[in-house]
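Novice: First, the structure itself, so that you have it in front of you.
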Amino acid sequence: MREFDSATRLGLTNETILKQVQALLDDPKGDLRQILRKEMLVTLLRFDDSHVDTLDLKIMNRAMRELRYAFQTFYSYRDRQKVSFFGSARTSPDDPNYHVARAFAHRLVERGFMVITGGGDGIMGAAQEGAGRDHSFGLNIMLPFEQGANATIADDPKLIMFKYFFTRKLMFLKESHATALFPGGFGTQDECFEVLTLLQTGKSHPQPIVCLQAPGCDYWNRWHAFLTDELLAQGLINPEDLSLFKILDSEQAAVEEIETFYRNYHSSRFVHHNQVLRMRHALTDQQLAGLNAEFHDMLAGGTFTQRGAFSEELDEAALKDLPRLVFHYNRRSAGRLRQLIDRINAFPQPLDTSRVSAVPAPAGL
């Protein structure tokens with residue numbers, strides 16, 4: 001059995017590690033970043049327990065390494081909006097859905113977006129062909145078959161290899177501002193329902209989801225029929241849950257859907273018990289009154305009001321001047337929240353259409 005030397009594996013000597021730990025403990029700043037790093041260190045030390053076996057430690061170690069590297073890779077591109085693509089690795093280049101994926105990715109890049117795919121062939125390869133290497137991320141997964149990197153993203157620094165699906169899924173969702181779903185198999189359906197579940201349960205911030213299919217393809221229509229005939233008919237989902245996604249057969253319509261979502265809505269955050277929607281333009285008194293009449297069922301109390309930034313939001317300095325729509329959200333229906341955002345975006349916009357330069361935070365978790 002091979003004996004592993006910790007200094008060789010880590011690229012650090014024990015002396016260097018001790019110095020770094022001591023520097024962290026002695027740091028007088030006490031800011032949130034330092035507090036969190038210390039808590040992580042304490043968590044790590046608590047793994048020295050007889051109830052934690054070697055496999056547990058391997059999972060923890062690999063997951064932390066994958067996430068650290070992924071965070072580092074995305075960091076330099078945090079000022080670019082990104083769209084995650086999901087679809088079959090088996091889709092051939094002569095499939096109409098392949099052409100739609102490639103054209104859609106190309107249009108997104110023209111509008112300033114980057115794309116994130118699983119890094120494989122099929123729909124993933126089509127998207128990265130359309131976006132180009134410089135505007136693509138590939139989040140590849142180690143599998144015994146079917147999931148090598150496509151030619152566009154192979155050997156690119158933005159190609160990240162994951163062992164675990166859960167770390168890979170986390171990065172897809174954390175970094176994306178929108179999700180594009182194309183016809184696919186178990187993996188695509190898994191990713192589709194995970195995104196919808198996180199939205200439905202309020203575990204991720206609102207984002208547009210577009211289910212794209214080539215003209216003449218009815219993949220998503222048949223999927224939608226299952227949702228309505230089985231899930232909705234049996235009361236397993238609510239009618240407004242169907243507002244969480246749009247089925248489209250045109251790349252141009254999909255681009256418009258994503259851009260319209262961010263037409264006035266910018267991003268969201270919870271402060272105390274308040275849901276805070278940051279907007280690019282303030283609402284008129286008449287528009288605000290309309291929201292109070294139409295969406296009062298979303299309120300756990302009070303009314304929809306407008307205000308400036310809370311003091312707790314000042315850590316996002318670039319957004320401090322955005323107007324806020326604030327309300328005590330009952331958190332019962334993400335579908336209604338999406339309908340509220342659609343209504344805000346549908347209001348006539350001021351003649352000054354200058355856009356906020358700050359990129360909205362990704363959907364996150």
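Novice: If you scan region 136-160, which residues turn out to be out of contact with any Lys or Arg (no Cβ under 6 Å at 6 or more places or on another chain) and loosely packed, with under 15 Cβ neighbours inside 10 Å?
Specialist: Start the filter on region 136-160 by keeping residues that are out of contact with any Lys or Arg (no Cβ under 6 Å at 6 or more places or on another chain), which leaves 136, 138, 140, 143-151, 153-155, 157-160.
Result: LEU143, PRO144, PHE145, GLU146, GLY148, ALA151, ALA154, ASP155, PRO157.
Novice: Test ASP31 against the stated conditions and say whether it is touching a helix residue (DSSP H, G or I) at 6+ places or on another chain (Cβ under 7 Å), at pLDDT below 90 and among the charged types (D, E, K, R). Break it down into steps so the answer makes sense when it comes.
Specialist: Working: touching a helix residue (DSSP H, G or I) at 6+ places or on another chain (Cβ under 7 Å): no; at pLDDT below 90: yes; among the charged types (D, E, K, R): yes.
Judged against the criteria, ASP31 is not a match.
Novice: Let me ask you something else. Which residue out of PHE182, PHE193, PHE165, PHE172 is touching a strand residue (DSSP E or B) at 6+ places or on another chain (Cβ under 8 Å), under 18 Å from GLY87 (Cβ atoms) and either without any contact (Cβ under 8 Å) to a residue 60 or more places away in the chain or not assigned by TED's automatic domain parsing to the domain that holds ASP95 (or both)?
Specialist: Just one listed residue meets the conditions, PHE165.
Novice: Specify which of the listed residues (GLY138, GLY130, GLY125, GLY119) is part of a loop (DSSP other than H, G, I, E, B) and either at pLDDT 95 or above or closer than 12 Å to PHE85 by Cα (or both). Talk me through it step by step, then tell me what you get.
Specialist: Values: GLY138 fails: part of a loop (DSSP other than H, G, I, E, B); GLY130 fails: part of a loop (DSSP other than H, G, I, E, B); GLY125 fails: part of a loop (DSSP other than H, G, I, E, B).
Exactly one residue qualifies, and that residue is GLY119.
Novice: Tell me, which residue of region 41-55 that is exposed (fewer than 10 other Cβ atoms within 10 Å of the Cβ) and of a type in the set (A, V, I, L, M, F, W, C) is farthest from ASP315 (Cα to Cα)?
Specialist: Step one: of region 41-55, the residues exposed (fewer than 10 other Cβ atoms within 10 Å of the Cβ) are 42, 45-46, 48-51, 53-55.
Now drop any that are not of a type in the set (A, V, I, L, M, F, W, C), which leaves 42, 45, 55.
On the way: VAL42: 26, LEU45: 30, LEU55: 39 Å.
Ranking the candidates gives LEU55 first.
Novice: Also, quick follow-up: For the condition touching a Lys or Arg at 6+ places or on another chain (Cβ under 8 Å) and either over 26 Å from LYS169 (Cβ atoms) or modelled with pLDDT under 95 (or both), what is the one hit in GLY235, GLY216, GLY202?
Specialist: Numbers: GLY235 fails: touching a Lys or Arg at 6+ places or on another chain (Cβ under 8 Å); GLY216 fails: touching a Lys or Arg at 6+ places or on another chain (Cβ under 8 Å).
GLY202 is the lone residue from the list that is touching a Lys or Arg at 6+ places or on another chain (Cβ under 8 Å) and either over 26 Å from LYS169 (Cβ atoms) or modelled with pLDDT under 95 (or both).
Novice: Quick test for you: out of PHE182, PHE186, pick the one residue that is hydrophobic (A, V, I, L, M, F, W, C), surrounded by fewer than 24 Cβ atoms within 10 Å (Cβ to Cβ), within 15 Å of THR91 (Cα to Cα) and over 15 Å from the mean Cα position of the chain (by Cα).
Specialist: Values: PHE182 fails: surrounded by fewer than 24 Cβ atoms within 10 Å (Cβ to Cβ).
Unique residue meeting the criteria: PHE186.
Novice: For region 21-116, which helices (runs of 4 or more DSSP H) that fit wholly inside it have 1 or more residues that are β-branched (Val, Ile, Thr) and touching a residue at least 12 places away in the same chain (Cβ under 8 Å)?
Specialist: Per the criteria, 54-75, 96-110.
The values are calculated or read from the model by the stated rules, or taken from the named source; none is laboratory data. Bear in mind that the values here come from a model prediction, so they are computed numbers and not experimental data. In this analysis, Cβ positions are derived from the backbone assuming ideal geometry, glycine residues included, and neighbour counts consider all displayed protein chains.
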